[in-house]
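Heads up: the structure comes next, in structure tokens.
The values are calculated or read from the model by the stated rules, or taken from the named source; none is laboratory data. Predicted model, so just to flag it, every value in this text is computed and none were measured. Glycine also receives a Cβ, built like all others from the backbone with ideal geometry; neighbour counts cover every protein chain displayed. In case anyone asks, the SASA skips ligands and DNA or RNA and just uses the protein heavy atoms, side chains included. Shrake-Rupley method; radii C 1.70, N 1.55, O 1.52, S 1.80 Å.
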Amino acid sequence: MPMMSEQKEEAPNSGEPVCVLCRRAQVNPDICGRTFANGGLCAHEFCLFFADGLLEWRCPMGGIFGFSIGAVQRTIQLADQKVRT
């Protein structure tokens, strides 16, 4: 099974990349917040804010909504490990 960070899924017929945290592409922005992509990662604003342990890594500048690409990747890896155990 590929890790979440390795998957390049797209919504059917949209060509739109999916959020690496919730794995959804076409969502209501009032529910998931804005969608942002950077460094090969795509994520919804609220998915980032509610991801376990990620909020402590937020900084005012850079990455995705103030979260560094490395911190997002670490969060994805931790989530993958939790799913496997």
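For segment 34-85, taking the residues that are closer than 17 Å to Val18 by Cα, outside any helix (DSSP H, G or I) and out of contact with any helix residue (DSSP H, G or I) (no Cβ under 9 Å at 6 or more places or on another chain), the one that is modelled with the highest pLDDT is identified as Cys42. For segment 1-24, the set of residues classified as open to solvent by less than 80 Å² (accessible area, probe 1.4 Å) and modelled with pLDDT of 85 or more consists of Val18, Cys19, Val20, Leu21, Cys22, listed by residue number. Pairs under 7 Å by beta carbon, first residue over 24 Å from Ser68 (Cβ atoms) and loosely packed, with under 11 Cβ neighbours inside 10 Å in segment 27-39, partner among the hydrophobic types (A, V, I, L, M, F, W, C) and at pLDDT 90 or above, six or more apart or different chains? Listed by first residue and then by second, the contacts come to nothing, as the list is empty.
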